[in-house]
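J.: Questions regarding the structure given below will be posed in turn.
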Amino acid sequence: MNKQEKKSRYLAGISLAIMGAGFLTTIPVQDQLWGRLLQGGFEAGLVGGLADWFAVTALFRHPLGIPIPHTALLPKNRDRITKALVRMLENEWLTVTSITEKMKKISFTDKILNIIRKELDSTYTKAIIQRFLNETIEKMNFEQLSPLLEKEIKHYLYDVDAPRFLKSVADGIVTRGYDESAFDYILQETEKWAKTAEAKQTMGKLGKQLIETSEADGLLKFAIQSFNQFMNEERLGQMMQTFLLNRIRNVRKADNRYRMLILEWIRKELVEIDKREQLMNEINDWKDRLVDDLKLESPLNQLLDKAKERMVQYVNQEDFVDKKVIPMILRFLTDLEADDSKVTAIEKWIHSQVALLIERNHSKIGALVKENLDKLETETLIDMMENHIGKDIQWIRVNGAVCGFFIGLVLTIFKMII
């Protein structure tokens, strides 16, 4: 109880005491005119003060503890008062319509976006984002993705058109001149091999075997036999090595006729590779068999595990949330605010959900009030009511005493006149 309530309660008691004291004091002088006037005023004031005290007290409890009928009105009618209060809250003060109309004036989207922006600057929110990302990545079971990825990769490879792919590759080789570069590379590597002693020896043996196994008649057979007696493996290998190296050097020249013929044949084969139907079918069959035999689950699991580790490392970088996540969220919020149609749609959805929530739970307002009131003991409830409205109630007593005093004066004067 605050000082003002105590003051009003003391004032009510003082006013009643003044009226009682005034009545007693004027008894000895009641034969005098002024004494009769004052006594009539104090008497009426005392009666009015006592009557108002009785009436005010009767609201909350039995006056003087005496169970007089029609007193202690609030305790006796607690249930009825509670129900009336609940009905008043639900049907008059806090109706579904009034609450809904009030909610419509609130821009939830702006408030939510402002709260999000404000919270994004807090260390606590950043820590939550960091922890959420870590937990999300850790809980991701990448092994479940392996069969799906393997299936999709194989499906893609099955759908690859090998002839079209080879045609594209062949056209690229011809367009970029890779065929000539490849041909020069082969000549270069062949020349390196032809210069070796091993190549010389190999070519000598092959040449000797060719001469000895050659079948001929007459003069040609005599010539071959004579040549074979004259040439050994070393000489024959030297001749073949020299011949091969000379031909390679000539073919490597840009204006060599044989070079141009070979390149022309290579380019023709590359350009028309898709027209070789049998070759393309064989390549497609080979490609399908290769795809069938592919076992990708284990490599994919290893790849996904490494990807998961790198994701965790990337997310756990000290400035990841500040430099990556927060700017991304802020850009999203800015773009959202700039799109009036989206904001309107979101606001409309929020209001509809709030209205639905209010409609579904409106009865809980009264139930909550009743539940809280029922938890209070009667004396506690009475004390709370007295404390909150005590000032006005005490002034009723003061006003009763004062008004009674003046009414008593008027009535006394009236009786004296009559």
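The values are calculated or read from the model by the stated rules, or taken from the named source; none is laboratory data. These figures come from a predicted structure and were not determined experimentally. Using ideal geometry, Cβ is built from the backbone for each residue, glycine included, and neighbour counts are taken over all protein chains shown. Heavy atoms of the whole protein, side chains included, go into the accessibility calculation; ligands, DNA and RNA do not. Shrake-Rupley method; radii C 1.70, N 1.55, O 1.52, S 1.80 Å.
J.: Starting from 0.36 nm per residue, how many nanometres of slack lie between Ser122 and Lys308 once their C-alpha separation is accounted for? List each step's numbers first, then the result.
T.: On the way: separation 186, 0.36 × 186 = 66.96 nm, distance 2.80 nm.
Difference between extended and current length: 64.2 nm.
J.: Taking only protein heavy atoms and a 1.4 Å probe, what accessible area per residue, in Å², does the range 248-337 have with all protein chains in place?
T.: Per residue, the range 248-337 has an accessible area of 76 Å².
J.: Around Asp322, with a cut-off of 13 angstrom between Cβ atoms, what is the net charge of the other residues, counting Lys and Arg +1 and Asp and Glu -1? List each step's numbers first, then the result.
T.: On the way: positive: Lys126, Lys323, Lys324; negative: Asp121, Glu318, Asp319.
Here the count lands on 0.
J.: Going by average Cβ density within 10 Å per residue, which order do the peptides 302-308, 235-241 take, highest to lowest?
T.: Put in order of decreasing packing, that is 235-241, 302-308.
J.: Heavy atoms only, probe 1.4 Å: what % of the accessible area of the range 145-208 goes to carbon and sulfur, would you let me know?
T.: Numbers: 2570 of 4240 Å².
Carbon-and-sulfur percentage of accessible area, whole number: 61.
J.: So, with a 1.4 angstrom probe, what is the percent of accessible area on the range 235-317 that is carbon and sulfur? Intermediate results must be reported in sequence, preceding the final value.
T.: Working: 3370 of 6230 Å².
Carbon and sulfur together cover 54 percent of it.
J.: Obtain the nm distance between the two label points defined at Arg331 and Ile115 by a simple spin-label model: each point lies 7 Å from its Cα along the Cα-to-C-beta direction.
T.: 2.7
J.: Can I ask one more? Mind giving me the FRET efficiency for Ser181 and Gln317? R0 is 56 Å, r the Cβ-Cβ distance, nearest 0.05 is fine.
T.: Once the sixth-power term is evaluated, E becomes 0.80.
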